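Here is the structure we will look at, set down as structure tokens.
Throughout, read-outs are computed from the coordinates displayed, never taken from laboratory work. Values in this document were obtained by computation on a predicted structure and should not be read as measured data. Cβ: placed from backbone, ideal geometry, glycine included. Neighbour counts: every protein chain shown.
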Amino acid sequence: MNKVFQEVGKHFLSIGLAVIAFVLIRFGIEGNISLKTAIVGFSMWLLFLTLGAILIFMGGRSDG
């Protein structure tokens, strides 16, 4: 079960990176970025980063 937590955590981190990439690509295409897009993108990134880190930590614990 620990390996499952680690792998799911890695996927959450990947999704977080995809969110940041989307925001940066959108900025590159449009030349400007709205405050709403920046706040939503950062919030989603922070959520996925936190979930991923927690799951990886839970999966790495050896005491169960």
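Values for this structure:
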item: Crossing angle, helix 35-60 versus the chain [Cα axis fit, 0-90 degrees, rounded to tens]; result: 10 degrees
item: Point-charge dipole on Cβ atoms (K/R +1, D/E -1) for the chain, about Cα centre, debye to 20; result: 20 debye
item: Stretchable slack from Ile25 to Phe57, in nm (0.36 nm times residue separation minus alpha-carbon distance); result: 8.5 nm
item: Rounded if a/c under 1.5, otherwise prolate or oblate - the chain, Cα gyration tensor axes; result: prolate
item: The chain: angle of helix 2-30 to the longest principal axis, Cα-based, in degrees nearest 10; result: 10 degrees
